[in-house]
Amino acid sequence: MRNKNSLKLFKRIYKWQDYFHGFDNYFKTKIGFIAQGGTIDSILNENSKLVPSPHPVVTSKTIGKKVSYINKLYLKHQTSAKILGNLFGWSYSQGKDVAIPWKNQELKIIKRISSFDSGQEDHTHFLSFLDYVMKQLENLEVIIISQGTDSLVNKASLFTAVLSPYLYASHKKVIFVGSSESGYKEDTLAIPNVTGALFTAVEKRLPGGIYIVSASRIDGEETVEVFQGLGVVKLHSDGIFHSPNSEAIFTIRKNLVFESALLKDLIERIKSIELLPYLSRFYFQDHIPDRLEEAFNKTSIESVENDPRILISHYNMGKRVFIVRARGSGTASLAWKKQLEILSKKKNVIIIITTSADSGDVNLRKYEAGLDIDGVISGRTLREEAALTLAAISYDLRMHEKFNNQDIQQLIERYCYLSGMIGE
């Protein structure tokens, strides 16, 4: 687990609007913005209640549909805007004294492709959007995605697992942003959220990869943090994101941008480690999203606080990939250990242990009660959403690329290392 360090002043920005204007050509030729719904994209109805932005592609019409079908809906019903202010209608409802530095900003593409309630999305929505974004990346260097916060970490984890090798090599970025507050709220956090996303898009020192932008109020002061896409969790009480095993790369307070030691560390880590360079290229094939959908359908999240007999029950229901939330650094009762020993001997089963603690590393050999079982894999510092994604991909790689448990363990540790969650 990474030690969190003090911040160092990185850049002073005297006026955000002027700063963005300095990148006008880059915005207009290389950057896209895609809206998928969520609080940040909601509007006020006639009763002054928040409702999703009107759009034909909603969760209720896509539940249970195949990845390829949902992707076709995105393409058929996507709508475009010329400037960001037209995408977020609430930007015109803020008072004249409220500065929105990006309201008139033009980008190469500005689209709304859906109006999802993120709390109702499942892996088919994540995979269909991944397929959509992969095709958009052929003509863009940066894609900013606004959406609801409930599923944001799940999507960012999937994108990180699949796209990281490609993004590192091509120096391209995918940036996720949501908001815990509606744009119609006075002095809303939705404004600095988008501002932070645009800064992340144009900052040249930031290497290619997946990033999450999160705005909050700390001691009454607006604070924007930029995180890597893996290892971030949502604080469900307030809709803000944080990284329990790592830290923010950038922290923005008004016109001051601070960097953490992770920025320099991240650049060096990307240079020094190879992350299956063929992986992104492999997953760019047209038939792959449907294949990954099959892998996700095989996954199950378990808790050692439940009856351990549920494992075999889920196995008999067709599950083959088990993410087990254990206690502490990877411990459980003898009954659970016995059931895991039985399950681990079955063909084509993957078992990954994560911790139910708020943070920390999974070390299955540390305690007598540790789940140090032949065939059982440590999730290290992965949070549940990231573990689920890497588990599904690992199952796909096992079935089609002959990955073994050692390959999967190395894959997990490489991602944790590149995300700053573990050391050498």
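The angle between the Cα long axis of helix 405-418 and the main principal axis of the chain comes to about 30°, on a 0 to 90 degree scale. For semi-axes √(5λ) of the Cα gyration tensor in Å, the candidate list reads [x] 55, 30, 22; [y] 54, 22, 20; [z] 36, 24, 20; the entry that matches the value derived from this model is [z]. Just checking the listed ones, N47, N306, N255: in the Gaussian network model of the chain with Cα springs under 10 Å, the one fluctuating most is N47. Residues D150, D290, D374, arranged from fewest to most other Cβ atoms within 10 angstrom of their Cβ, appear as D374, D290, D150.
Could you pull out the pairs from K108/K155; K172/K254; K66/K347; K135/K173; K11/K155; K234/K271 whose alpha carbons sit more than 20 Å apart here?
K108/K155; K172/K254; K66/K347; K11/K155; K234/K271
With a simple spin-label model that places each label point 7 Å from the Cα along the Cα-to-Cβ direction, the separation between N47 and N404 comes to 6.2 nm.
Between L340, L158, L382, the GNM of the chain built on Cα springs shorter than 10 angstrom shows L340 fluctuating the most.
Rounded to the nearest 10 degrees, the inclination of helix 123-136 to the longest alpha-carbon principal axis of the chain is 50 degrees. Roughly how tilted is helix 334-344, in degrees to the nearest 10 and between 0 and 90, from the longest Cα axis of the chain? Around 90 degrees separate the two axes.
Across the range 38-46, rounded Karplus estimates of 3J(HN,Hα) from the backbone phi angles (6.51 cos²θ - 1.76 cosθ + 1.60, θ = phi - 60°) give x, 4, 5, 10, 7, 10, 8, 8, 5 Hz, Gly and Pro being marked x.
For the range 98-225, relative contact order (Cα pairs under 8 Å, six or more residues apart, normalised by length) works out to 24 percent.
The H on the amide N of R380, modeled in the peptide plane, is under 5 Å from the matching H of V362, each at least 5 residues off or on a different chain. Placing one equal scatterer on every Cα of the range 298-418 and applying the Debye formula, the log10 ratio I(q)/I(0) at q = 0.11, 0.23 Å⁻¹ is -0.30, -1.48.
When you restrict to C-alpha pairs under 8 Å that are six or more residues apart and normalise by the size of the chain, the relative contact order lands at 16 percent.
Taking every DSSP beta bridge that has both residues in the range 8-272, what percent is antiparallel when rounded to the nearest 5?
55 percent
Amide H contacts of E302: I323, V324, R325, each under 5 Å away and 5 or more positions distant or on a separate chain (H built 1.01 Å from N in the peptide plane; Pro and chain starts excluded).
In this calculation the C-beta distance from N306 to L256 is compared with R0 = 41 Å, giving a FRET efficiency of 0.30.
Bear in mind that the values in this text are calculations on the coordinates, not laboratory data. Since this is a predicted model, take the numbers as computed values, not measurements. Positions of Cβ are backbone-derived with ideal geometry, glycine not excepted, and every protein chain shown enters the neighbour counts.
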